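Take a look at the structure below.
The values are calculated or read from the model by the stated rules, or taken from the named source; none is laboratory data. Note that the coordinates shown come from a computational prediction; the quantities given were computed from them, not determined experimentally. Here the Cβ positions follow ideal geometry from the backbone for every residue, glycine too, while neighbour counts run over all protein chains shown.
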Amino acid sequence: MSRYRGQSIALLTQHGKERVIAPALEPALDCRVQLVTGYDTDQLGTFTRDKPRPGTQLEAARRKARVGMTLSGLPVGLASEGSFAADPWTGMFAWNVEMVVLLDDRLGLEVVGMAQGAARSAQLQTADWAALEQYAQQQGFPEHQLVLRPEGPDDPRLDKGLADWAALRASFERCRAEAANGQVYAENDLRAHANPTRMQRIAEATRDLLQRLQTACPACDAPGYGLVGREPGLPCRDCGSPTQIYRAEVLQCPACQHREVRPRSDRQFADAAQCAHCNP
């Protein structure tokens, strides 16, 4: 039986995240995701840099969840937080990491679901409407909304949530007229409701959270048991030296901290091409 059967769970969001979080959790956990409003989550940080996010991504998610619990008076709360950077392999492509955090004061738990993947997050600085049109099409506009501002990436005079061509053209003309350098800076609107690619990543992180909540700790039976890390050291097939390829997964309970190192079962050796000794 689900530990969350009949439980209302607070979700603080103003960007429509309940549309992907509630359908994943409610039927599986027999719970009710209660949308909490009346708080401007942009005060906790924005992707457009007008309000810097203090602390880490996880700390921001915790703060959101805690605010939702306080406003609703519920002992269990949810929140999600995203981050964007270059991909971890080549550093050439936009990459999105999403966390969905559940805080449970009844059980003293914090459970985190995660997902990551390629992002719709690109920028353009131009004075040419045709160039902006091409950029917008490449970024999936208007389904993926855009942000424009005059001059450059740090100008505070920004238009968010541009979602149709007429609004985009009007904003472009305004920004170009206001810019001392005649340039307009464009970027993806990374808020969840404005970026379907990011919303899909939040759905994936929610499914990861659900899997953890449905996995009980073998030591204390608390929900949330799951992967917390990987240990490198898979031996090279040719020389046997340890490589940076992971050899084992580390699972841990968020309640009692029971920990298990589970050797990977899909492969026993790393290719020589991945070995620093054979392929320096």
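Of everything in segment 166-184 that's in contact with a helix residue (DSSP H, G or I) (Cβ under 8 Å, 6 or more places away or on another chain) and either surrounded by 20 or more Cβ atoms within 10 Å (Cβ to Cβ) or not basic (Lys, Arg) (or both), which residue is farthest from Ala136 (Cα to Cα)?
By that ranking, first place goes to Gly182.
Just need a number here: residues in segment 36-45 that are within 19 Å of the chain's Cα centre (by Cα) and closer than 11 Å to Gly68 by Cβ.
Of the residues in segment 36-45, 1 are within 19 Å of the chain's Cα centre (by Cα) and closer than 11 Å to Gly68 by Cβ.
Of the residues Ala10, Ala60, Ala85, only one is small (Gly, Ala, Ser) and more than 24 Å from Pro156 (Cα to Cα); which?
Within the list Ala10, Ala60, Ala85, the selection yields Ala10.
Run down Arg174, Arg201 and say which single residue is of a type outside the set (Val, Ile, Thr), over 26 Å from Phe84 (Cα atoms) and not in a loop (DSSP other than H, G, I, E, B).
Result of the check over Arg174, Arg201: Arg174.
Out of everything in segment 20-31 that is of a type outside the set (Asp, Glu) and surrounded by fewer than 15 Cβ atoms within 10 Å (Cβ to Cβ), what residue ends up being farthest from Ala79 (Cα to Cα)? Break it down into steps so the answer makes sense when it comes.
Within segment 20-31, the first condition is being of a type outside the set (Asp, Glu), and the residues that meet it are 20-25, 27-29, 31.
Okay, now just the ones that are also surrounded by fewer than 15 Cβ atoms within 10 Å (Cβ to Cβ), so 23, 27.
Numbers: Pro23: 15, Pro27: 18 Å.
So the residue we want is Pro27.
Which residues, counting only those in segment 219-241, are acidic (Asp, Glu) and either under 22 Å from the mean Cα position of the chain (by Cα) or on the phi > 0 side of the Ramachandran plot (or both)?
Scanning segment 219-241 gives a single hit, Asp221.
Can we say Gly224 is surrounded by 16 or more Cβ atoms within 10 Å (Cβ to Cβ), under 27 Å from Met99 (Cα atoms) and among the small types (Gly, Ala, Ser)? If you could, list the steps in order and put the result at the bottom.
Details: surrounded by 16 or more Cβ atoms within 10 Å (Cβ to Cβ): yes; under 27 Å from Met99 (Cα atoms): yes; among the small types (Gly, Ala, Ser): yes.
Yes.
Can you report the number of residues in segment 120-150 which are crowded, with 21+ Cβ neighbours inside 10 Å, in contact with a Phe, Trp or Tyr (Cβ under 7 Å, 6 or more places away or on another chain) and farther than 17 Å from Phe47 by Cα?
1
Filter segment 154-163 down to the residues that are surrounded by fewer than 13 Cβ atoms within 10 Å (Cβ to Cβ) and part of a loop (DSSP other than H, G, I, E, B), then identify the one that is farthest from the chain's Cα centre (by Cα).
Arg157
Of all residues in segment 10-45, which are of a type in the set (D, E, K, R) and part of a helix (DSSP H, G or I)? Steps first, answer last, please.
Narrowing segment 10-45 to residues of a type in the set (D, E, K, R): 17-19, 26, 30, 32, 40, 42.
Glu18, Arg19, Glu26, Asp42, listed by residue number.
Which residues, counting only those in segment 139-182, are basic (Lys, Arg) and closer than 23 Å to Pro52 by Cα?
Answer for segment 139-182, where residues must be basic (Lys, Arg) and closer than 23 Å to Pro52 by Cα: Arg149, Arg157, Lys160.
Could you tell me whether any residue of segment 242-251 is surrounded by 18 or more Cβ atoms within 10 Å (Cβ to Cβ) and of a type in the set (Val, Ile, Thr)?
There is at least one residue in segment 242-251 that is surrounded by 18 or more Cβ atoms within 10 Å (Cβ to Cβ) and of a type in the set (Val, Ile, Thr).
Taking only pairs six or more apart or across chains, which ones have beta-carbon atoms under 9 Å, a first residue in segment 234-262 that is free of Cβ contacts under 8 Å to residues at least 60 places away in the same chain, and a second residue that is among the acidic types (Asp, Glu) and not in a strand (DSSP E or B)?
Cys236/Asp271; Arg237/Asp271; Asp238/Asp271; Thr243/Asp271; Ile245/Asp271
Check off (1) touching an Asp or Glu at 6+ places or on another chain (Cβ under 6 Å); (2) hydrophobic (A, V, I, L, M, F, W, C); (3) outside the structural domain of Glu18 (by TED's automatic domain parsing); (4) in contact (Cβ under 8 Å) with a residue 60 or more places away in the chain for Leu148 and give me the number that stays unchecked.
Among (1) touching an Asp or Glu at 6+ places or on another chain (Cβ under 6 Å); (2) hydrophobic (A, V, I, L, M, F, W, C); (3) outside the structural domain of Glu18 (by TED's automatic domain parsing); (4) in contact (Cβ under 8 Å) with a residue 60 or more places away in the chain, Leu148 violates only (4).
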